[in-house]
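Reading through the structure tokens given below for one structure.
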Amino acid sequence: MKDKKRMLIPDNGWDIGAVESWLEDQAAEGWHLTECWGRRAHFQRGEPKRVRYRLMPFPDEFMQSKVEREALYADLGWRFVANRWDYQVYVCEDPAAAELETDPVAASWAWDRLLRKQRRHMLLAWIFLLTAVIWIARSILTAEYPVRFLMRSAVATGSLVLMTVWMAYWTVSDFRGIQRTHRQMAAGLPRAHSGNWKKRRRQAILTVGSLSLLYLIQLLYPLSQLGTSWGADLEELDRPIPCLMGWQVDETLTQADRTSGVCLMNPTFLTPGHYDVWDYYPGERKLINQGDVLLLSFLAEPLYREWQERIRDYAEGNVIELDDPGFDGVSLGRRGEDTFLVLWQGRVVLYVGAFGVTGVEKHLDEYADVLAQFQ
């Protein structure tokens, strides 16, 4: 049987009564507090006892008054155990010993400094929240291509959004608790020395678990992407890609005419398949493809509309939408001998830029068959 253990403290910063009640229940089971580190409390096994624990706020001049304070409390039957952030933890084994706080009005003076400090922390948290929300909104709205930006930064942006939501909940809950405690102390009501520590411990576990999950995502996602990107020469390609080659759409070209060609696949969280394909032929003729296989199909339409506006710029406004049963959307643009095509089918969006290569719009059926393989 082990003689020591560590436990997560059921503390949210202001419900001190719940922490005191928890420590007393642990002592009744034979586990006595020895020290606190961060969010964890360290216990030593001993004789089960009914004791009282009290968390007292640090005095203004802690180093100068520590000895005097401990001596005074010792005379009352209380022993210093550990420091816990903004508090000092004391324990008393004498059920007849006087309480450390006998005058609620005087006690409120000591607690007022701590409550003001916690309110400042709340204010700083809300400033952070507001700054984060503004940064997220501004980054998306000012991006040249907002959908593409969101797809590239989905993990970082999503983590920041979740952190913002979590901090909003935490700050609102804590602010209400701090205000309630402040009103009780200001009214001269004695501070409660009990509380629902099981509920607070569940909240502490949820807090630590949520933060740990966010940190793990930030750490492990980049590692999970190692080895998922790949590149290949088009002549050596041994896997399907969501596009057609120049020699497949232009009757004047053959596969042997190709001067160079490469395919790069670089997935992201929201785009499990992101293909960039360059296919070059003599006379500076080329076919440029960019295909996105999306994780979430509802992102396909906004991405398609974004590409639609991009080819509108490329084609100087000369863009039309075609009606084809094989696609959810088809946009065709022309500028001289160049053709720009955007295809949307299900969760796949493909951009095709044909420079000196003709006939891409005549092969919609073949494109539909190719994109169907990536749904």
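The values are calculated or read from the model by the stated rules, or taken from the named source; none is laboratory data. As the structure is a computational prediction, the values presented were derived from the model and not from experiment. Don't worry about glycine lacking a Cβ; one is built from the backbone with ideal geometry, like all the others, and counts go over all protein chains shown. We work out accessible area using only protein heavy atoms, side chains counted, and drop any ligands, DNA or RNA first. Shrake-Rupley method; radii C 1.70, N 1.55, O 1.52, S 1.80 Å.
Within the chain, what whole-number % of the accessible surface is contributed by carbon and sulfur, with the 1.4 Å probe and all protein chains included in the calculation?
Numbers: 11560 of 19980 Å².
Using a 1.4 Å probe with all protein chains present, the chain comes out at 58 percent carbon and sulfur.
Considering the dipole of the chain built from charges on the beta carbon (Lys and Arg +1, Asp and Glu -1) around the Cα centre, which of Leu189, Thr171, Leu296 is farthest to its positive end?
With unit charges placed on the Cβ atoms, the residue in question is Leu189.
Any idea which of Val147, Leu332, Trp78 is furthest toward the positive side of the dipole for the chain, if Lys and Arg beta-carbons carry +1 and Asp and Glu beta-carbons -1?
Projecting each Cα onto the dipole axis, the largest value belongs to Trp78.
Using the Cα centre as the reference, give the magnitude of the dipole from point charges on the C-beta atoms of the chain (Lys, Arg: +1; Asp, Glu: -1; all else neutral), rounded to the nearest 20 debye.
With only Lys, Arg, Asp and Glu charged at Cβ, the dipole is about 2680 debye.
Among Trp135, Leu237, Gly346, whose Cα sits farthest toward the positive end of the charge dipole of the chain (+1 at Cβ of Lys/Arg, -1 at Cβ of Asp/Glu, about the Cα centre)?
Highest projection toward the positive end goes to Trp135.
Helix 62-75 sits at what angle to the longest principal axis of the chain, using alpha carbons and giving 0 to 90 degrees rounded to 10?
Compared with the principal axis, the helix lies near 50 degrees.
Mean-square fluctuation check for the chain, GNM, Cα pairs under 10 Å: which of Asn266, Asn318, Asn289 is largest?
Per the Cα network of the chain with a 10 Å cutoff, Asn318 tops the list.
How about segment 280-375: which GluC sites (Glu not before Pro) there lie in a loop by DSSP and see at most 13 other Cβ atoms within 10 Å? Present the calculation step by step, with values, prior to reporting the outcome.
On the way: sites: Glu284, Glu306, Glu309, Glu316, Glu321, Glu337, Glu361, Glu366; in loops: Glu284, Glu316, Glu337.
When the GluC sites (Glu not before Pro) of segment 280-375 are filtered for loop state and at most 13 Cβ neighbours within 10 Å, Glu284, Glu316, Glu337 remain.
Leaving out ligands and nucleic acids, and using a 1.4 Å probe, what accessible area per residue does segment 138-290 come to in Å²?
On the way: 8770 Å² over 153 residues.
Spelled out: the 1.4 Å probe surface of segment 138-290, per residue, equals 57 Å².
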